[in-house]
Every structure is written in structure tokens, then in C-alpha cells.
1. Just report the Cα centroid separation between region 138-168 and region 92-106, whole Å.
2. For the chain, evaluate the Debye formula with one uniform point scatterer on each Cα (no solvent term) and list log10 I(q)/I(0) at q = 0.11, 0.12, 0.14, 0.18 Å⁻¹, rounded to two decimals.
3. How do ARG54, ARG115 line up, fewest other C-beta atoms within 10 Å first?
4. Rank these for me by crowding, GLU236, GLU33, GLU189, going from fewest to most other beta carbons within 10 Å.
5. Normalising by the residue count of region 12-236, find the relative contact order in percent from Cα pairs under 8 Å and 6+ residues apart.
6. Arrange HIS204, HIS117, HIS85 by Cβ neighbour counts within 10 Å, fewest through most, would you?
7. For VAL132, enumerate residues with amide H under 5 Å from its amide H, sequence gap 5+ or separate chain, H modeled in the peptide plane.
8. Would you grab the residues whose amide H sits under 5 Å from the one on SER93? Only those 5+ places off in sequence or on another chain, please, with H modelled 1.01 Å from N.
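Values quoted throughout were computed directly from the atomic coordinates according to the rules given, and no laboratory measurement underlies them. Model, not experiment: these values are computed from the prediction. Every residue, glycine as well, gets a Cβ built from its backbone with ideal geometry; the counts of neighbours run over all protein chains shown.
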Amino acid sequence: MSAAPTPAGTFVIAIDGPSGTGKSTVSRRVATELQAGYLDTGALYRIAALAVLRAGLDPQDTDAVADLITALRLDPPTDPDHQRHHLDGEDVSEQIRGPEVTLAVTPVSANPVVRQHLFTVQRTLAMSGRMVVEGRDIGTVIAPDATVKIYLTADAAERARRRFDQNAARAVHAGAPAGQAGPGLADVERDLARRDTMDSTRSHAPLQAAPDAVVLDSSSMQLRETVRAVLTLAAERGIS
């Protein structure tokens, strides 16, 4: 029996998974196709990590980090085609993707007070209308009542290759000299393994697939194929 059509403005598509699976690109494409909003929850944690680094705090100093983050005013973008992120009015879209932030974001995001503070922001936006929301705990914590839950994954080597290529493209775009495009492929794979382990074993909101999520392995899929698979699942739930 087919699902009843979802009324316009009332769905949430939750896309979770580890780094390097293409979550952000897939989520943005899906949101654009459905004329929906898009929320990159990982960017919120990266903004928090950047704020911690700029304040000169140890990312693992839980009390100091909690005090800082709970005082931040956040206004995350939801237009899938215009994603610019700000900290205290400054555009930090490039800075939050840097290696220092990447190292700091896991301990910062593991702080339960930080997660609770950002939960309110994420939950409010997730439930604000037609939304595609991506992250690590969307289907389990932020929007457990999501219309569609997808856990996007890929094998470790493929995820590392994708992230390496993404880092290199970003470095070239930023004007980095040839040969200075960032960490090597082996370093990227080690960093992804580190984040996977820390994210999946933390006590609060660990990275895991929701019991009712559809696990989608994109290892051998092109971007358009992955987007099509998500849109097909959405259509099966009455979303178009």
C-alpha cells in the first residue's frame, strides 16, 4: 500500500552517516530538487569549534567550552544553493573547513552541553517546514520522527579518496600553491578513522543508524545515482 502524500511544508528527510560519504552534496541536491530547505548540522559544530579555537580554549575543557558556546548567537543558512556560514557577523565558510577546526570539532561536539545547546537550534529548523537535514544524529536524536531516514555510508578507502579530492579542490579554489593542497591520502584516511571511532563511541548521541533508517552504500554509486535513490525513497513516502 502506498503512503499518503505528505502535505507541503511538513516533511523532514534525515541523512546521517560518517564523513566522506557525500552527505552534504547529496543533501543539497535533494533539497534543491524538492524545493526544500537544507540544514548542515556539521557546520554548526565546526563554527563552535572555530569559536573555541579563537578563544584560546582547550577543546576538551568541557566547562569552559560549554560557557562559550551557550553564549553564541547562531543563524545557520537553510538555502541549499547559498550556504555561507557566519560567526559574530564574519563569514567563516572557508575557515571552518580548515585542518585545525577538523581536529577540534570532534571533542567539541562530544560535549553534552554543546550538543544540548545546538539541539534546540537544529530541532527548531528541522521542524520548520520542508527540510533536508544532514549530520550524525539526525534520525536518532534531532528528528527521530523524520518522514525519511537515510544512513549514507561508503567503504573507508572510497570515503578517504572523496575527502582528499574535496580538500584538494577547496585548496585550489582558495589559491593554495601547487603541491600544498593539504594532507595526503593516507593522512586523510587516518583522520576519518579517528573521527569515526570517536563519533561512534561517544556516550552522548553517538554516530549510528536509526533502527528504521534505510542504509544506502554509495561506494560504487555516482552522485546522480545516490541523489536519485534518495528521491525515490522520498517519493515512496509521499514526498515530491
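1. Comparing the Cα centres of region 138-168 and region 92-106, I get a distance of 18 Å.
2. The calculated log intensity ratios at q = 0.11, 0.12, 0.14, 0.18 Å⁻¹ are -0.55, -0.66, -0.92, -1.53.
3. On the way: ARG54 13, ARG115 21.
Placing the least packed residue first, the sequence is ARG54, ARG115.
4. Result, fewest neighbours first: GLU236, GLU33, GLU189.
5. Numbers: 342 pairs, mean separation 73.5, N = 225.
Relative contact order comes out at 33 percent.
6. Least crowded to most crowded, the residues run HIS204, HIS117, HIS85.
7. Distant-sequence amide H within range of VAL132: ILE13, GLY37, TYR38, LEU39.
8. HIS85
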